[in-house]
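The values are calculated or read from the model by the stated rules, or taken from the named source; none is laboratory data. Keep in mind that this is a model prediction, so the values were computed, not measured. Counting neighbours? That spans all protein chains shown, and the Cβs are built from the backbone with ideal geometry, glycine included.
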């Protein structure tokens, strides 16, 4: 006798008597946004999401992310932004400095105005759990089942679809499997897709701090010899920190004495916002570059960190994933409208062609920036400071960079322009 778990029964119910059109592995913001984007445009498609993590795991994520203007437009088009907006903090200004940790003065080399248009900030900061918590009720409204606590064990493809085996014995049939299961994607490996990867020898320390004085929406990125130290504004007198440090030092700081951590933090944070207090336990994440050699395989498409993992130096990780969401949804919806097989390789190749160049370009850009700014070489410091100063004096170039950061580049998918698919 086989005893079926609750997750197994939910999975079988999701598939119904026939099969799913799309099964998405990964209930992070990329997986959920992909499900919502497709179902919002094509209610007839049967979409489900599976995730190996426990049902409440997303509520324990203390990180925050920058959502570019284009991604905000997409969320508004998907009827999600109004759920996020009350918790979102607009970035009204960004300043960049380059100095050593012990320097008494940190000269500002570059400043960016926070708007790409009147009343439209180039980015907002939002806690990951708030973003996830906004996508989940929208998915429920659209009839998308989210199956928590069970992951994908394996799959087999054939001419008509893909049969997916879940870890607890359930079997689902779908036309397309979307892998949004993170930078260490199991599905990517099962699909036989190789990656290009290297490690920077850095870890990103992430935590939230409360401070005495208001930040007024200003984001600050200090380029220090060991890596960038970013102060990103959150609602209230609070900020999210992304602190790149050499891995050995990062591990020592987050696992050591709290007083030592706070002392090192204050040296980097400065006194401009008054007294600071760490709100949650800091965590360290290894930093590297991971680029998938292919974004697709028969009946399988990669999205988000499963397709690419980049350094947070430019704050584009989440936004790169949302570009995948918008492009994949548009390809799937247009193929379905034309009566094409949404899981066929020639259809998925359109998604890959749309996304690969942008992804490789962003990966190379962040790699160059990381190597250029994470050092204490005097010649390199002179060259980069000269370059920052040059951009500061050229308004058109500054405007180009801010629009790129906002995701408002040419050939953007419709959702990122705020248009329906």
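Quick one: which helices (runs of 4 or more DSSP H) lie wholly within the range 308-421 and hold at least 2 residues that are closer than 22 Å to residue 176 by Cα and free of Cβ contacts under 8 Å to residues at least 40 places away in the same chain?
The helices (runs of 4 or more DSSP H) meeting that bar are 317-337, 345-373.
Please indicate, with yes or no, whether at least one residue in the range 352-373 is under 20 Å from residue 22 (Cα atoms) and in contact with a strand residue (DSSP E or B) (Cβ under 6 Å, 6 or more places away or on another chain).
Checked against the condition, which is being under 20 Å from residue 22 (Cα atoms) and in contact with a strand residue (DSSP E or B) (Cβ under 6 Å, 6 or more places away or on another chain), the range 352-373 yields at least one hit.
State all residues of the range 232-252 that are part of a helix (DSSP H, G or I) and buried (at least 20 other Cβ atoms within 10 Å of the Cβ); if no residue qualifies, say none.
250 - this is the single residue of the range 232-252 that is part of a helix (DSSP H, G or I) and buried (at least 20 other Cβ atoms within 10 Å of the Cβ).
When the residues of the range 50-67 are narrowed to those that are closer than 23 Å to residue 126 by Cα and touching a strand residue (DSSP E or B) at 6+ places or on another chain (Cβ under 6 Å), which ends up surrounded by the fewest Cβ atoms within 10 Å (Cβ to Cβ)? So that I can check it myself, show each step before the final result.
Let us first name the residues in the range 50-67 that are closer than 23 Å to residue 126 by Cα, namely 51, 53-67.
From what is left, the residues that are touching a strand residue (DSSP E or B) at 6+ places or on another chain (Cβ under 6 Å) are 51, 55, 63-64, 66-67.
Values: 51: 25, 55: 13, 63: 17, 64: 26, 66: 26, 67: 26.
Among those residues, the one meeting the criterion is 55.
Would you call residue 409 surrounded by fewer than 16 Cβ atoms within 10 Å (Cβ to Cβ) and under 26 Å from the mean Cα position of the chain (by Cα)?
yes
Suppose the filter is within 19 Å of residue 75 (Cα to Cα), crowded, with 20+ Cβ neighbours inside 10 Å, at pLDDT 95 or above and not assigned by TED's automatic domain parsing to the domain that holds residue 103; does residue 295 pass it?
no
Would you check which residues across the range 166-185 are surrounded by fewer than 22 Cβ atoms within 10 Å (Cβ to Cβ) and either more than 28 Å from residue 322 (Cβ to Cβ) or touching a residue at least 24 places away in the same chain (Cβ under 8 Å) (or both) and list them? Let's see the steps before the verdict.
At the first step, the residues of the range 166-185 found to be surrounded by fewer than 22 Cβ atoms within 10 Å (Cβ to Cβ) are 167-169, 171, 173, 175, 182-184.
Within the range 166-185, 167, 168, 169, 171, 173, 175, 182, 183 meet the criteria.
Name every residue in the range 224-246 that is farther than 26 Å from residue 85 by Cα and over 22 Å from the mean Cα position of the chain (by Cα), in order of residue number.
Of everything in the range 224-246, those that are farther than 26 Å from residue 85 by Cα and over 22 Å from the mean Cα position of the chain (by Cα) turn out to be 224, 225, 226, 246.
Which condition number in (1) under 17 Å from residue 54 (Cα atoms); (2) out of contact with any strand residue (DSSP E or B) (no Cβ under 9 Å at 6 or more places or on another chain) is the one that residue 118 fails?
Result: residue 118 fails condition (1) only.
Counting only residues that are over 19 Å from residue 28 (Cβ atoms) and touching a helix residue (DSSP H, G or I) at 6+ places or on another chain (Cβ under 6 Å), how many does the range 80-100 have?
Within the range 80-100, the first condition is being over 19 Å from residue 28 (Cβ atoms), and the residues that meet it are 82, 85-86, 89-100.
In the following step, the residues that additionally are touching a helix residue (DSSP H, G or I) at 6+ places or on another chain (Cβ under 6 Å) were identified as 98.
Counting residues in the range 80-100 that are over 19 Å from residue 28 (Cβ atoms) and touching a helix residue (DSSP H, G or I) at 6+ places or on another chain (Cβ under 6 Å) gives 1.
Out of the range 156-165, which residues are in contact with a strand residue (DSSP E or B) (Cβ under 7 Å, 6 or more places away or on another chain) and either in contact (Cβ under 8 Å) with a residue 40 or more places away in the chain or part of a loop (DSSP other than H, G, I, E, B) (or both)?
Matches in the range 156-165: 161, 162, 164.
Does residue 273 meet the test of being in contact with a strand residue (DSSP E or B) (Cβ under 9 Å, 6 or more places away or on another chain), in a strand (DSSP E or B), within 30 Å of residue 237 (Cβ to Cβ) and modelled with pLDDT of 95 or more?
Judged against the criteria, residue 273 is not a match.
Let me spell it out: the conditions are (1) under 21 Å from the mean Cα position of the chain (by Cα); (2) not in a strand (DSSP E or B), and residue 126 meets all of them except one. Which number is the exception?
Residue 126 satisfies all of (1) under 21 Å from the mean Cα position of the chain (by Cα); (2) not in a strand (DSSP E or B) except (2).
Please pick out the residue among 332, 310 that is crowded, with 22+ Cβ neighbours inside 10 Å and farther than 26 Å from residue 79 by Cα.
It is 310.
Answer with yes or no whether residue 206 is at pLDDT 95 or above and crowded, with 24+ Cβ neighbours inside 10 Å.
Here the answer is no, as residue 206 does not meet what is asked.
If residue 217 meets every condition in (1) touching a strand residue (DSSP E or B) at 6+ places or on another chain (Cβ under 8 Å); (2) within 20 Å of residue 367 (Cα to Cα); (3) in contact (Cβ under 8 Å) with a residue 40 or more places away in the chain apart from one, which number is that one?
Tallying (1) touching a strand residue (DSSP E or B) at 6+ places or on another chain (Cβ under 8 Å); (2) within 20 Å of residue 367 (Cα to Cα); (3) in contact (Cβ under 8 Å) with a residue 40 or more places away in the chain, residue 217 fails exactly one: (2).
Would you check if residue 301 is buried (at least 18 other Cβ atoms within 10 Å of the Cβ), outside any strand (DSSP E or B) and touching a strand residue (DSSP E or B) at 6+ places or on another chain (Cβ under 7 Å)?
Criteria not met by residue 301.
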